[in-house]
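This report refers to the structure that appears directly beneath it.
None of the figures in this text is laboratory data; all of them are computed from the coordinates on show. Quick caveat: nothing in here was measured; it's all calculated off a predicted structure. Backbone-built Cβ (ideal geometry, glycine too); neighbour counts: all protein chains shown.
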Amino acid sequence: EVQLVESGGGLVQPGGSLRLSCAASGFTFSNNWMSWVRQAPGKGLQWVANIKQDGSEKYYVESVKGRFSISRDNAKNSLYLEMNSLRDEDTAVYYCATMSTSSYGFDIWGQGTMVTVSP
Amino acid sequence: DIQMTQSPSTLSASVGDTVIITCRASQSVKTWLAWYQQRPGKAPKLLIYKASTLESGVPSRFSGSGSGTEFTLTISSLQPDDFATYYCQQYNSYSGFTFGPGTRVDIK
């Protein structure tokens, strides 16, 4: 079964840090660009970051540049998002997803992990 | 940055109706446009990519059209499972990925 499972979410104070993980199974992880997409409570979707198959290219939405870092470990079929200097507005469900290079759409999604930034 | 708008923001319809959702981009995205369905508490699901290509396994009552700055998602013969929120999403090599604000399809 094709699956992405996120973990690592929780409650963190403003200015704090958190590391999210995403475990992939059922497909060849190392063949895929991977992404993080977030959704604030009651709001729409926002793309956060992308990473190329070999980790050599990384892209971020402007609002997280310099604070978030995307990485991957193909040997462990895992994707990560290191989040520093967290702000209230980073509160959201964070989804990992595969990104198709033939369509530039996100075709496999995890169930999401909630990050709450609050004093 | 490319901005995406969707209309309407909410739509009330009945089972069996045909529903049309419009998505507009602030500048041309050619056909790099995808549509997603999201049910409450669930992850989004890819329905259509490259403006009009149906994702594998998605029912044929879903269809997409358009290019440039104006796109539509049509759901023919609405089914109970189709009551959800729908998002469009564009890709541009300079600004990355942007989603529309969503259209909620409610039961009339």
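Considering only residues that are assigned to a loop (DSSP other than H, G, I, E, B) and hydrophobic (A, V, I, L, M, F, W, C), look in the stretch A:1-57 and name the one that is surrounded by the fewest Cβ atoms within 10 Å (Cβ to Cβ).
A:VAL2
Could you tell me which of the residues A:VAL48, A:VAL5 is under 30 Å from B:THR53 (Cβ atoms) and out of contact with any Cys (no Cβ under 8 Å at 6 or more places or on another chain)?
Every option except A:VAL48 fails the conditions.
What are the residues in the stretch B:5-39 that are part of a loop (DSSP other than H, G, I, E, B), within 14 Å of another protein chain (Cβ to nearest Cβ) and either touching an Asp or Glu at 6+ places or on another chain (Cβ under 9 Å) or without any contact (Cβ under 8 Å) to a residue 40 or more places away in the chain (or both), if any?
B:LYS30, B:THR31, B:ARG39
Touching a helix residue (DSSP H, G or I) at 6+ places or on another chain (Cβ under 8 Å) and either within 25 Å of A:ILE108 (Cα to Cα) or facing chain A (nearest Cβ under 9 Å) (or both): which single residue out of B:ILE48, B:ILE75 fits that description?
Within the list B:ILE48, B:ILE75, the selection yields B:ILE75.
Filter the stretch A:93-111 for residues that are facing chain B (nearest Cβ under 7 Å), closer than 16 Å to B:PHE99 by Cβ and surrounded by 21 or more Cβ atoms within 10 Å (Cβ to Cβ) and give the result.
Across the stretch A:93-111, the qualifying residues are A:TYR95, A:TYR104, A:GLY105, A:PHE106, A:TRP109.
Can you give me the number of residues within the stretch B:53-108 that are farther than 19 Å from B:ASP17 by Cα and in contact (Cβ under 8 Å) with a residue 24 or more places away in the chain?
The qualifying residues number 18.
Can A:ASN77 be described as away from chain B (no Cβ under 14 Å), surrounded by 15 or more Cβ atoms within 10 Å (Cβ to Cβ) and over 25 Å from B:CYS88 (Cβ atoms)?
Numbers: away from chain B (no Cβ under 14 Å): yes; surrounded by 15 or more Cβ atoms within 10 Å (Cβ to Cβ): yes; over 25 Å from B:CYS88 (Cβ atoms): yes.
So A:ASN77 passes the test.
State which residue is farthest from B:LEU46 (Cα to Cα) when the search covers only the stretch A:82-92 and only residues that are buried (at least 20 other Cβ atoms within 10 Å of the Cβ) and in contact with a helix residue (DSSP H, G or I) (Cβ under 9 Å, 6 or more places away or on another chain).
Ranking the candidates gives A:MET83 first.
Restricting the search to the stretch B:77-100, which residues are loosely packed, with under 15 Cβ neighbours inside 10 Å and under 30 Å from B:VAL15 (Cα atoms)?
Within the stretch B:77-100, B:SER77, B:GLN79, B:PRO80, B:ASP81 meet the criteria.
With respect to B:VAL29, is the statement that it is surrounded by fewer than 16 Cβ atoms within 10 Å (Cβ to Cβ), more than 12 Å from the chain's Cα centre (by Cα) and aliphatic (A, V, I, L, M) true?
Details: surrounded by fewer than 16 Cβ atoms within 10 Å (Cβ to Cβ): no; more than 12 Å from the chain's Cα centre (by Cα): yes; aliphatic (A, V, I, L, M): yes.
Against the criterion (surrounded by fewer than 16 Cβ atoms within 10 Å (Cβ to Cβ), more than 12 Å from the chain's Cα centre (by Cα) and aliphatic (A, V, I, L, M)), B:VAL29 does not qualify.
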